[in-house]
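The block underneath contains the structure these notes are about, expressed in structure tokens.
FYI, it's all coordinate maths here, none of it is from the lab. A quick note: this is a predicted structure, and the numbers were derived from the prediction, not measured. Cβ sites come from the backbone with ideal geometry, for glycine too, and all protein chains shown count toward neighbours.
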């Protein structure tokens, strides 16, 4: 007897997870000893005028209902950061594009390159390149972002001075559009390389591993026997089957990746959500931390949900199974 | 079959390297307090003094001996990883076996619960609780373990379903063995390789997260940790301290994560029959 259908099951799992996250964010502060404002204010370095303090106290001590909280969430009414003296939605919406730019490009590059490299290496089974590739990538898989990020920073920003050590653009500089793009790229290089170094090995190893299995299948032999060009056999017939494990792995490792991205942004002071979170933790700005945690969780859930729909498109067998 | 696997592991270069490094790091962790020349919390030394015979790696900005800090820091990281790994493994095995053996509604509820937990990004829960309540590291390790058992449970469940239908299990059932007896005497030992894989991957993730959370400043600042040391040292990166203050914790942390990764990779390779072909 099947109580839950598969597809509805996964979708409702995501919706439930989102509700749990929102509810935790809503209810946990109530468990703080004393009231919320004293709890965060007493242990931070920020000084407020009596007027500001009264305002904040009035805002946080009103216990709103959960439905109201949900409503505020959707209308971007997330409260006020007392450390930055700015609405939280402003801070987050300014930081978010940088994070999406950095993490998005890193994923795209490492997925495409990892996929192609994995397919090509698996095709040339037992070669010299395979040994080197698998060996070095397994080692790279063991290097955490903190390690590679700090080393790249020391070598390329500090010792060689090729790239800027922090920020996303040069402040107060007036540039033409071309110079601005160049400046942006120079700032992006080091954090992006760190993330690619972290994401690429896994993609490569997984693609290669799955591809080696797929190449043993009979339909690959058939395709070759038909006399199709090898590049068509490799990518259209064989490699397509590797996309599904890749997507699955992406979903499973997303928490890992987010952690790494937070750290990388902090190392290079890249003005995304990670650095904002780091600053908020340093100043114990609890509403801001809550906002960032909640928004990032919802984005992660959304990505996972999208991935779930992608499965059906990648592999039609999945769609028919429902 | 057992001897075979052992020989195969002994021949795998990743496993041998990983085990060697693990022994080395294990000694460092166990003997840390004895090896440390100073109390890592002693703040009485001259801040930022360079390495010398008394302070092998110099002194940090707070006047603490960096070498001693290092030895205590790695203990905390390893401890966090092992605790999370053990607790997550325990939950994973218990739920996985129960779901596979009893099936039915229990199975479905547990697996749906697992789906929900998998969907919630564990790191976000950790950040939220750490920022709000500043719980002890043990508490955080337990939360992480509770968030991360489902992957192990799912792997164990699917393998247990295969083993459950094998002949010797059916034989012992027909001879009147109870469910508990079969689970304890047959299922638990037969799934042993999965425990090793699950434990290694969970411990790896936990150590990575501990270092990252400490780096972000979410642990008690007086608790020694490799991540926290890197975070502090980076603030002074423009001084000439990178080789005695920044590199040692980075190196040690990388070595640690690498060791666990090698072990996890080689265990997966040797024990997963599908992957064996691929290598």
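Over all directions, the average projected area of the alpha-carbon convex hull for segment A:134-237 comes to how many nm²? If I average the Cα hull's projected area over directions, I get 10.0 nm².
Averaging the Cα positions of each part gives two centres, and for segment B:68-100 and segment A:182-226 these lie 31 Å apart. Legend: mean number of C-beta atoms from other chains within 10 angstrom of residue C-beta atoms, peptide B:254-261, equals 5.
When each of the peptides A:122-130, B:117-125 is scored by how many other beta carbons lie within 10 Å of its residues on average, the order from highest to lowest is B:117-125, A:122-130. Classification of chain B by its C-alpha gyration tensor yields a prolate form. The axis ratio a/c (a ≥ b ≥ c) is 1.5 or more, and a/b outweighs b/c.
For chain B, the 222 nm mean residue ellipticity estimated from helices alone, with every DSSP H stretch of n ≥ 4 adding -39500 (n - 2.57) and the total spread over all residues, rounds to -24000 deg cm²/dmol.
Computing Rg and the Kirkwood Rh from the Cα coordinates of segment A:89-190 gives a ratio, Rg/Rh, of 1.07. With respect to chain B, whose longest principal axis is taken over its alpha-carbon atoms, helix B:247-271 is tilted by about 10°. Sorting A:230-237, B:53-60, A:258-265 by average packing, meaning the other beta carbons within 10 Å per residue, from highest down gives A:258-265, B:53-60, A:230-237. When all alpha-carbon pairs of chain A are counted, what percent fall beyond 33 Å? Percentage above 33 Å: 42.
What the Cα convex hull of segment B:158-236 gives, in volume per residue, is 118 Å³. Taking 0.36 nm per residue of separation and subtracting the Cα-Cα distance, full extension of the segment from residue A:216 to residue A:317 would add 34.4 nm. Counting only other chain Cβ atoms within 10 Å of each residue's Cβ, the peptide A:146-158 averages 5. Mind running the shape call on segment A:169-290? Use the C-alpha gyration tensor, a ≥ b ≥ c as the square roots of the eigenvalues: rounded below 1.5 for a/c, prolate if a/b tops b/c, oblate otherwise. Because a/c hits 1.5 or more and a/b fails to exceed b/c, segment A:169-290 counts as oblate. The mean number of Cβ atoms from other chains found within 10 Å of a Cβ in peptide A:254-266 is 5, as a whole number.
Could you tell me how far the Cα centroid of segment A:250-300 sits from the Cα centroid of segment B:174-205, in Å? Taking the Cα centre of segment A:250-300 as reference, the centre of segment B:174-205 is 37 Å away. In the calculated pair distance distribution of segment B:79-172, what percentage of Cα-Cα distances lie above 18 Å? Looking at segment B:79-172, the distances longer than 18 Å represent 51 percent of pairs. Classify the protein assembly as shown as rounded, prolate or oblate from the Cα gyration tensor: take a ≥ b ≥ c as the square roots of its eigenvalues, call it rounded if a/c is under 1.5, otherwise prolate when a/b beats b/c and oblate if not. Rounded, since a/c falls under 1.5.
Using alpha carbons only, the radius of gyration of segment B:1-124 set against its Kirkwood radius gives Rg/Rh = 1.19. Here r is the Cβ-Cβ distance between residue B:53 and residue B:27 and R0 is 25 Å; the resulting FRET efficiency, rounded to 0.05, is 0.60. Once the Cα atoms are used to define both axes, helix B:137-164 deviates from the longest principal axis of chain B by about 30 degrees. Gaussian network model of chain A, Cα springs within a sub-10 Å range: biggest mean-square fluctuation belongs to which of A:54, A:239, A:165? Per the Cα network of chain A with a 10 Å cutoff, A:54 tops the list.
Kirkwood hydrodynamic radius of segment A:157-204, from the reciprocal of the average inverse Cα-Cα distance over all distinct pairs: 12.1 Å. Normalised by the number of residues in chain B, the mean separation of alpha-carbon contacts (under 8 Å, six or more apart) gives a relative contact order of 26 percent.
To the nearest ten degrees, helix A:6-27 and the longest principal axis of the Cα atoms of chain A are 30 degrees apart.
Set the Förster radius R0 to 35 Å, insert the Cβ-Cβ distance between residue A:132 and residue B:163 as r into 1/(1 + (r/R0)^6), and round the FRET efficiency to 0.05. Result of the calculation: an efficiency of 0.35.
Its DSSP H runs of at least 4 residues, each contributing -39,500 (n - 2.57), put the calculated 222 nm mean residue ellipticity of chain A at -23000 deg cm²/dmol, to the nearest 500.
Averaged over residues, the count of other Cβ atoms within 10 Å places the peptides B:176-184, A:75-83, A:276-284, B:139-147 in the sequence A:276-284, B:139-147, A:75-83, B:176-184, highest first. Computing FRET efficiency as 1/(1 + (r/R0)^6) for residue A:244 and residue A:182, where r is the C-beta to C-beta distance and R0 is 25 Å, gives about 0.05. For segment B:181-279, the relative contact order comes to 30 percent (Cα pairs under 8 Å, sequence separation of at least 6).
Principal axis analysis of the Cα atoms in segment B:135-279 yields extents of 73, 39, 17 Å, listed in decreasing size.
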